[in-house]
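**Student:** Structure provided below as structure tokens; questions to follow.
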Amino acid sequence: MTNMTPVTKGAPADKPAVKAMPDAQTVTSVEHWTDRLFSFRVTRPASLRFRSGEFVMIGLMGDADPKTGKQKPILRAYSIASPAWDEEMEFYSIKVPDGPLTSRLQHIKPGDEIILRPKPVGTLVHDALLPGKRLWFFATGTGFAPFASLLREPQTYEDYDEIVITHTCREAGELTYGAKLIDSLKDDELLNEVIGEGFWKKIKYYPTTTREESAKMGRITDLMRSGEAFADLGVEPLNPETDRAMICGNLAFNLELKEMLDGYGLEEGANSKPAQYVVEKAFLD
Ligand SMILES: Cc1cc2nc3c(=O)[nH]c(=O)nc-3n(C[C@H](O)[C@H](O)[C@H](O)COP(=O)(O)OP(=O)(O)OC[C@H]3O[C@@H](n4cnc5c(N)ncnc54)[C@H](O)[C@@H]3O)c2cc1C
Ligand SMILES: NC(=O)c1ccc[n+]([C@@H]2O[C@H](COP(=O)([O-])OP(=O)(O)OC[C@H]3O[C@@H](n4cnc5c(N)ncnc54)[C@H](OP(=O)(O)O)[C@@H]3O)[C@@H](O)[C@H]2O)c1
């Protein structure tokens, strides 16, 4: 682990540092999943506490202003994909070809530094939900990231009898990060020890694609409306007495699903007022 003191690399011992990157953390590993998706792990600030499901601002220093020579950080919101107990921090990222941050972030390598502002926030947290029996995680694209954290969080299995994770992507390759992570849970030492062997049987995983052939095609919203998703999963439609939900996807998805959950009689919650479901955007627009 490292601390959060400014990094002043390359300054000779007898001279004051001229360039400092605040809140720097070191990249420890990078994995590319498709030409649009990658994940990476970084050192964790020793004093950073967060709740599984929260997000932080991360980024890189921008180019120097040609006039002033000053560099400004390019920062973006990122869900923390690792659980609160992990000694490192993991992120799951899009690569936007001309995106100010990700056009550069996609090239990071172990040993490089990124900026990580240690102020975690967010609504996709257990504290924002009232007790229930079945927890639904609804994701599209990189909206899987907060659930990668919550699926590795012991409280998820302590608080619920059943966890349903739905992930809708355009193409099959975009499901791989999530599929591998869910498969790896069977061998998760901490969860097996704390929750008990076979805890993973509580998970029902429902991946779907919309633009490439896969085992299950279609938007989760349409599959729920037709009843197909519930029949496939062997569960009843959501019921405010028993079901709780977290939503993380693009804006249209979030709005459509929110309306559906309202229709099932669930109420939206927040940190300040826990209720039956919570929503967060996977990206702006
Ligand atoms: C609360 C919150 C949490 C977020 N968590 C994540 C995360 O865990 N992983 C992640 O990759 N991004 C996440 N984002 C989006 C992230 O903040 C940036 O937008 C993204 O990293 C692209 O940055 P950029 O500077 O390259 O491009 P930007 O200028 O920020 O975005 C350019 C365009 O790319 C598209 N875009 C941006 N992000 C995504 C995305 N994730 N998936 C698909 N299209 C996208 C949008 O159309 C956007 O207008 C989150 C956003 C919010 C608001
Ligand atoms: N993924 C790619 O291969 C790709 C390639 C080039 C550019 N882009 C651009 O990148 C941006 C983000 O793409 P993305 O694929 O990560 O995210 P996205 O466009 O938000 O789509 C992710 C998944 O969510 C589904 N979805 C969208 N709206 C929904 C709704 N209202 N209800 C239910 N499901 C919904 C999509 O289905 P549908 O397919 O039915 O919309 C898709 O399967 C877009 O601006 C896109 O143009 C993406």
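**Student:** How large is the dipole of the chain about the Cα centre if only Lys and Arg carry +1 and Asp and Glu carry -1, each at its Cβ, rounded to the nearest 20 debye?
**Tutor:** 1160
**Student:** If amide H atoms are built 1.01 Å from N in the plane of the peptide, which residues on other chains or at least 5 residues away come under 5 Å of the amide H of residue 62?
**Tutor:** 72, 74
**Student:** Also, I was wondering about something else. Ranking request for peptides 244-252, 67-75, 79-87, 218-226: highest mean number of other beta-carbon atoms within 10 Å first, then the rest in descending order.
**Tutor:** 244-252, 79-87, 218-226, 67-75
**Student:** Each residue of the range 271-285 in order: what ³J(HN,Hα) in whole Hz does its phi give by Karplus 6.51 cos²θ - 1.76 cosθ + 1.60, θ = phi - 60°, with x for Gly and Pro?
**Tutor:** Values per residue, Gly and Pro as x: 3, 7, 8, x, 8, 9, 8, 9, 9, 8, 6, 7, 6, 7, 3 Hz.
**Student:** Sticking with this one: Can you tell me the relative contact order of the chain? Whole percent, Cα pairs under 8 Å, sequence separation 6 or more.
**Tutor:** Result for the chain is 17 percent.
**Student:** To the nearest 20 debye, what is the magnitude of the charge dipole of the range 48-132 about its Cα centre, counting +1 on the Cβ of each Lys and Arg and -1 on the Cβ of each Asp and Glu?
**Tutor:** The dipole of the range 48-132 has a size of about 360 debye.
**Student:** Build a GNM of the chain with springs between Cα atoms under 10 Å: which of 274, 110, 131 gets the top mean-square fluctuation?
**Tutor:** It is 110.
**Student:** Something else now. Mind checking which of 59, 227, 89 is farthest towards the positive end of the chain's charge dipole, using Cβ charges of +1 (Lys, Arg) and -1 (Asp, Glu) about the Cα centre?
**Tutor:** Result: 59.
**Student:** So if I place +1 on the C-beta of Lys and Arg and -1 on the C-beta of Asp and Glu, and nothing else carries charge, what would the dipole magnitude of the range 128-285 be about its Cα centre? I want it in debye, nearest 20.
**Tutor:** Dipole of the range 128-285, to the nearest 20 debye: 180 debye.
**Student:** Then there is this: Going by alpha carbons, how many degrees (0 to 90, nearest 10) lie between the helix axis of 251-264 and the longest principal axis of the chain?
**Tutor:** Taking the Cα atoms of the chain, the angle to 251-264 is about 30 degrees.
**Student:** Also, quick follow-up: Toward the positive end of the charge dipole of the chain, about the Cα centre and with charges on Cβ (Lys, Arg +1; Asp, Glu -1), which of 103, 271, 21 goes farthest?
**Tutor:** 21
**Student:** Separate question: Give me the one-decimal nm value for the distance between modelled label points at residue 251 and residue 285, 7 Å along each residue's Cα-to-Cβ direction.
**Tutor:** 1.0
**Student:** Starting from one equal scatterer on each C-alpha and no solvent at all, send me the Debye-based log10 I(q)/I(0) for the range 96-159 at q = 0.13, 0.14, 0.26 Å⁻¹, two decimals.
**Tutor:** -0.57, -0.64, -1.25
**Student:** Using the Karplus curve 6.51 cos²θ - 1.76 cosθ + 1.60 with θ = phi - 60°, what ³J(HN,Hα) values do you get for each residue of the range 192-204, in whole Hz, with x for Gly and Pro?
**Tutor:** Calculated HN-Hα couplings, in order: 4, 6, 6, 8, x, 3, x, 4, 5, 5, 6, 8, 10 Hz.
**Student:** Could you pull out every one of the lysines with an alpha carbon less than 30 Å from that of residue 119, ignoring same-chain neighbours closer than 8 positions?
**Tutor:** Counting by Cα, and skipping residues close in sequence, residue 119 has these lysines nearby: 9, 19, 70, 72, 95, 109, 180, 258, 273, 281.
**Student:** Give me the compactness ratio for the range 19-79, meaning the Cα radius of gyration over 2.2 N^0.38 Å.
**Tutor:** 1.37
**Student:** With the crude spin-label approximation of a point 7 Å out along Cα→Cβ, what separation in nm comes out for residue 217 versus residue 171?
**Tutor:** Using points 7 Å along Cα→Cβ, the separation is 1.7 nm.
**Student:** Still on this structure, please answer the following. Contact order normalised by length for the range 215-285, with contacts defined as Cα pairs under 8 Å and 6 or more residues apart; what percent is it?
**Tutor:** It rounds to 32 percent for the range 215-285.
**Student:** Using helices alone, I'd like the mean residue ellipticity at 222 nm for the chain: each DSSP H run of four-plus residues gives -39500 (n - 2.57), total over residue count, nearest 500.
**Tutor:** Calculated at 222 nm, the ellipticity per residue is -5000 deg cm²/dmol.
**Student:** Along each principal axis of its Cα atoms, how long is the chain end to end? Whole angstroms, biggest number first, please.
**Tutor:** Its Cα atoms span 69, 39, 35 Å along the three principal axes.
**Student:** For the range 39-119, what number results from the quotient of the Cα radius of gyration and 2.2 N^0.38 Å?
**Tutor:** Ratio of Rg to 2.2 N^0.38 Å for the range 39-119: 1.15.
Where a number appears in this text, it was derived from the coordinates with a stated rule and is not lab data. Worth saying up front: this structure is predicted, and the values here are computed from it rather than measured. Every residue, glycine among them, receives a Cβ derived from its backbone with ideal geometry; neighbour counts consider all protein chains shown.
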